[in-house]
Every structure is written in C-alpha cells, then in structure tokens.
Amino acid sequence: MAKILTGWAKKWSKKNSWAGPLVFQPELHEMGQKNILGKSYNTKENKMTGNKQLFAVIKDLCNHKSCREFIAKKLCQHFITDEPSQEMIDPIIQAWVKSDGFLPEIHKATMKVAFEYGNKHKKFLMPEPWLIQNAKMLNFKHYWGPDRYVFKPGKIPPKRERNIQWILEDLGHPVFKPSQPNGFIDNEEEWTSPELMIRRMVYANQFQTYLKNIRRENQSTYDDEFFENIIYKNFSNPENALKTVFSANSTQNRFVMFANMPEVLKT
Amino acid sequence: MNCTRRSFLQGSLATLFVGGLNLPLLAASVKKNLVIISLRGGMDGLTAVPVIGDPKIKSYRSELLLDQKLKLNSDFGFHPKLSTLHNLWKKGKASVVHATSIPYTQRSHFDGQNLMETGGLVPYREKTGWLGRGLKLANLDGSGLALTLPMPLLLRGIEQNNNFYPAHNTMPRIEIVKKLRTAYEGASEEKLLNIIDVIMNRPLTMQGGDQSLDSLSKKASKILQDPLGPRIAVFDIEGFDTHSGQGNDEGGHADKLEEIDTVIKNLYEGLGKEFDNTLILTLTEFGRTVEQNGGYGTEHGYGSAILMAGGLLKKSQVLTDWPGLNKLFEHRDLQSTIDARGIYASAMSAVLDLEFEQIKKNVFWNSDISNFSEQLFKT
C-alpha cells in the first residue's frame, strides 16, 4: 500500500507553503507490480498509471467484506454500546450490500438499529457530541457555528473562531489532535476518568460566563419556564429530569445539574 | 470510677489483642510507591547516558558530543542536565539500564508507544496496560494516579483509577456535586456513582496548582506521602523526537532531560523519608540512531536507556550487556540486549510485593523476559 501511495504529495511553492491541493507526481512514484490483500496491481498484462492504481485499490478496499463489517461495527459502537452484538451489526451490513454502499441507506439502517437497541444500552457520550447536544438544547451560541467561519489559508483564525477549540481541549477532547492516528477511542472507559468528569462540571459551571459573550437577541430569560420548556421538549421522562434540575436553586447551578444529568451524559 | 477485676482484664485484653493484631499488619504494610515517567518521542540513550572512551562515537555524531559529562564509572556518564540524578547516584539511589528497549523494531511512534504501554508484541492488539494488569494482580484497585489528561493506556486494566490535571476554571460547590450524586443514585448509575465518589473523596492535595510538570510533580510528592493514598503516579513528557537541532549540552534534547530532572528533584525533595520507599522509572518507545543527520538531529532507532531513581534500588549501577558501537542494529541503531519488559516486571515485583514468575505469567503472557529483581532492587 505504501508503494502505491508514493508520488502523492502536497504541491510546494514559494507562494503557498502552508496548505495546498494533493497532486500526483509520477517522477516520485515507485515502479513495478504491487500486491495488496491477494490482488496484484500494475501487472505486466494490465499496466496502470500510478494515480489509477490508487483509485483501483480504494475501490477494492471499499468493496472488501472486512470494510463493511468494520464500519458497521464502528457505527454501532458509536451510537449504541462498546460491545455491539452481531444482531445489531447485521442489518447495517445488509443495507450496505443491498444499496451497494449508498450512504443514506446505511445511515437509515444505523438509525433504525440505534432506536431499537438504544434504550437497553445507554452509551456514555464523548465530550464533543455532549457539548453540541447541550448547546442545541439550551440554544446557546457562545461559540460560532460553521456558517460564521471565514477560512483563510495561511492566516491564524481569530480568537472567536478558536474558542470552541479551546473549550474542547479543556474537556479532554482536542478535536484536531488525537494522540493516535486512528483517532479518539470511542469507548466509555476512555471518557469516564474522574478528571474528565470534573472538566464537564467545570465547563457547565461557566455557562453563565459564556452568556456574556452571546448577542443579546440570542439570549433567553433562564427562569423555571425556560428549563420546563426544554425538558418537556427533549426528554422521555421529563418529571424526573425536572426534579433533578430544580433541586438546585440558582441558574448557574441548574446549568451544572442539567448538563451532568445521566440523561444528558448518555445517549 | 468503678473498676472491677473483670472490666480491667477485659480492657487490657482488648488492648493486647488489638495491639497484637496490628503489629504484623503494620510491619507488612510499608507503602511502596512507583513513579513512571513516559518519555514520548524516543529518548536518545546515548545523549542521556553517554558512553566514555569509545572513539567510534566521534565519527558518528561529532556535533552532538557532550562537552561535559557527569561521570558515573569508567564507561558511562550522565548528561550535565541530569544533575539531581547524579547527586542521587552518589547516594546510591540512582541506576541506569543501558542498551535496552521493548522488542519493537519498526520505528513508528504510534505503534511503539502503544507497545511500551501494553507490553505486547503486536500493536493495538492489547487494550490494557502492563501496569494496570499488575495492579489488578496485586489487588490494588484505585491506587493508580495519572498526572495526565486522558487516562494513559498503561494504567488500564483495573476498574478504578484516578487522574489529576488541574482545570483552568472553578468547580461547582460541593453541595451541587452532592445533589448530582443523589441524581445518579436515583437513576442507579453504578459507574457514575463510583466516579463521583472518587471526586468527592479527593484530598486537599489534589486541588489547585497548574498544569506544568513542576507543579504536578510537587503535587504528586504530597499525594504519594499519604499512607492511604495512591501508590502509583504516571507522568508524561513529550517532545523527545529531535529530528533536527538535537543539541549537545544545551539544545532540544537537553531541555527535555532537564524536565526529567525537575520531576525527580521535586519528588526527592517533596517525598522526604518516603523517597526510600519509592522507585522512579522512565519508559520510552525507542532510542535514536547513533549517526547524526543533516539537520544535526537523529532519526528513530532501537536501543535506548532506562533511568531509575529511588530508595528501593539496591545500589547505584549501570546494568548493561554493552553491545558496543562496532556492530549496530541494521547498521544504524544501538542494539538492545535487554528486553525492557524484564525491567518493568522486576520493578513491579519489587514495588507491589509480587513474585516475578507470577507477573511474568499473568501480566506478560509468559513472554521470554529475564528477572533482574535480585540485581537491581531491594527485595
């Protein structure tokens, strides 16, 4: 595989040393036949140019049986439980085979499975989905959404755009910097250490400070009615959740209770 | 006061009984601490513990040679930034294992760090760390403390661990935490309850401070002094990957070695008498090439060194089966003649009071590792 990847590189130029499109440079490509998972590419009988080899391999890898199984398992792990059973995985694989890898069909199958088994297994959320879920429910806009980002290559993004990055770093989930190339580990044990739980309480404790950064027209009055509204709208067992949130008196503490309830911490 | 013969006898017997029971318990329960410093990026063993009197080294790395060395014996020295370690060496409380590595020769940081923590042979196969499995074997639930933010893989494999890495902002008041606990209790969330109990029972020593290694190591020395507190502390130092500008007495690698020395210094000063019941051990995923590259740095290699300090060491020594610089591994790296996992297992055996064979069997799947407990540690 490494041999097939040779020759693909960023195009360097004096003007743009920061980022650029990936291009294929034939002079850097390793010649000869390559064998991947029992299949040969660029054989004497079937010559291929270097860039075509890569697309041929990607196509074959995507259609490999293990690829379907791997992705289906990952989807179940993300939405349902750390150790999904074969019954959860199978419908997703079937949808994949039937639709020949059409993503909307795979997503539909995943959602169906997630609703079916979600109540039995409550998955503890990673900080990023937890944060977004909180922001959506509480209608918080203390960091910018993608609609307001201005991406200028070579320029350091302004402070307001990077705010969300720092919050996630504090929550132990620095999105652009997983320590391993296979990304963050999507199991509960990874995210339930004491310090990471403390980070969530600390973050929720700052909600009121973040309110100061929100434009006035986006703010609400955070009274009893506000909490009642969002809880009746979003929860399957609202009485219980309301009791938990209203066990605290001040608005600041109600935010802490809300964000750290089991119903919000888990799917 | 009404003192009858019977009540007097009962009382004194009770004292005798309790006293008699306690004595052997106290004698056996000297709390021994293990401090692990993970050196990420690949520490250069030949910079930290340079070899003296091998003329060959000059031809390999003329820009990286040290002007000053803190002499250990006729063959080896310490880098000048490791001055605390050198002082401890003079007191018989520092040792080095040289030309050692985990049995991994593919030179990838990711795979290497994974194997250095799991103790396995195939990257990403194991989901637990060797220290976590060792703690489980010794039945020491909850005695591991990581001073890093994600829980390191090294400590996985046991139900309850603790970590401490101070946040920038303030926690909610304790009443609110208690109310959250009530909510978790009502929802019978066992796992969340456990975590919140750990948080609520945190000692005062585990509050405040900042995220610098200096502050963290000072905190750790206080936390480890607590006779009922954690016995294991795990630090992370990143940035040993000096592909360019490695430097010699000063420079990229020297700065990192200074950080190791700061941690050891703070632990030595902070632990006081408890330092005699402590062992500090460094891990790294691989060493670096013997030859310098065009940018005055070094590439990923194989054999490196393990630095150790603490009163649990038998004496100051450089333990090595020195392979020399004439025959390099794949014509570029220092050979590794000692499987580092043997050192890890021996250290665990000394600190956790477990038999080496037991650790070899249960933690390292009966791998072919040698026992250095007798040579290195007080048993």
Check your understanding: What is the helix-to-structure angle for B:109-118, meaning the angle in degrees between its Cα long axis and the longest Cα principal axis of chain B, kept from 0 to 90 and rounded to the nearest 10?
Key -> 40 degrees
Check your understanding: Do any trypsin sites (Lys or Arg not before Pro) in the range A:49-107 lie in a DSSP loop with no more than 14 other beta carbon atoms within 10 Å, and if so, which?
Key -> none
Exercise for review: Would you work out the charge dipole size for chain B about its Cα centre, treating the Cβ of every Lys and Arg as +1 and the Cβ of every Asp and Glu as -1, and quote it to the nearest 20 debye?
Suggested key: 1320 debye
Check your understanding: List the lysines whose alpha-carbon lies under 26 Å from that of A:Lys14, not counting same-chain residues fewer than 8 positions away?
Key -> A:Lys152, A:Lys155
Check your understanding: What figure in square angstrom, to the nearest 10, would you give for the accessible area of A:Glu217 with a 1.4 Å probe?
Key -> 130 Å²
Check your understanding: In degrees, nearest 10, range 0 to 90: what is the angle between the Cα axis of helix B:174-186 and the longest Cα principal axis of chain B?
Key -> 80 degrees
Point to revise | Estimated 222 nm signal from helices in chain B, with DSSP H stretches of n ≥ 4 weighted -39500 (n - 2.57), rounded to 500 | key: -11000 deg cm²/dmol
Exercise for review: Note down the nm distance, to one decimal, between modelled labels 7 Å out along Cα→Cβ at A:Met137 and at A:Leu5.
Suggested key: 4.0 nm
Check your understanding: Using a 1.4 Å probe on the protein chains only, how many percent of the accessible area of the protein assembly as shown belongs to carbon and sulfur?
Key -> 53 percent
Check your understanding: About its Cα centre, how strong a charge dipole does chain A have in debye, to the nearest 20, once Lys and Arg get +1 and Asp and Glu get -1 at the Cβ?
Key -> 1440 debye
Study note, to complete from the structure: In the protein assembly as shown, taking the dipole from +1 charges on Lys and Arg beta carbons and -1 charges on Asp and Glu beta carbons about the Cα centre, the listed residue (B:Ile343, B:Leu135, B:Pro50) farthest towards the positive end is B:Pro50
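Assuming R0 = 60 Å, can you tell me the calculated FRET efficiency for the pair B:Asn87 and B:Asp368, based on Cβ-Cβ distance, to the nearest 0.05?
0.95
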Review point. What is the interface area between chains B and A, defined as buried accessible area summed over both chains with a 1.4 Å probe, reported in Å² to the nearest 100?
Key: 3100 Å²
Review point. To the nearest 10 degrees, how steep is helix A:50-62 against the longest Cα principal axis of chain A, on a 0 to 90 scale?
Key: 50 degrees
Check your understanding: Alpha carbon centre of the range A:166-209 versus the range B:292-316: separation in Å?
Key -> 32 Å
Study note, to complete from the structure: Once both label points are put 7 Å beyond Cα along the C-beta direction, the B:Ser215-B:Lys273 separation in nm becomes 3.1 nm
Point to revise | Mean accessible surface per residue for the range A:121-266, computed with a 1.4 Å probe while every protein chain stays in place, in Å² | key: 52 Å²
**Study point:** Test item: Cα-centred dipole of the range B:21-126, Lys/Arg +1 and Asp/Glu -1 on Cβ, debye
**Key:** 380 debye
Point to revise | Gain on full stretching of the segment that runs from A:Leu22 to A:Met48 - 0.36 nm per residue minus C-alpha separation | key: 7.4 nm
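The values are calculated or read from the model by the stated rules, or taken from the named source; none is laboratory data. A quick note: this is a predicted structure, and the numbers were derived from the prediction, not measured. No Cβ is skipped: glycine too gets one built from the backbone with ideal geometry, and neighbour counts run over all protein chains shown. The accessibility values were calculated without ligands, DNA or RNA, using every heavy atom of the protein model including side chains. Shrake-Rupley method; radii C 1.70, N 1.55, O 1.52, S 1.80 Å.
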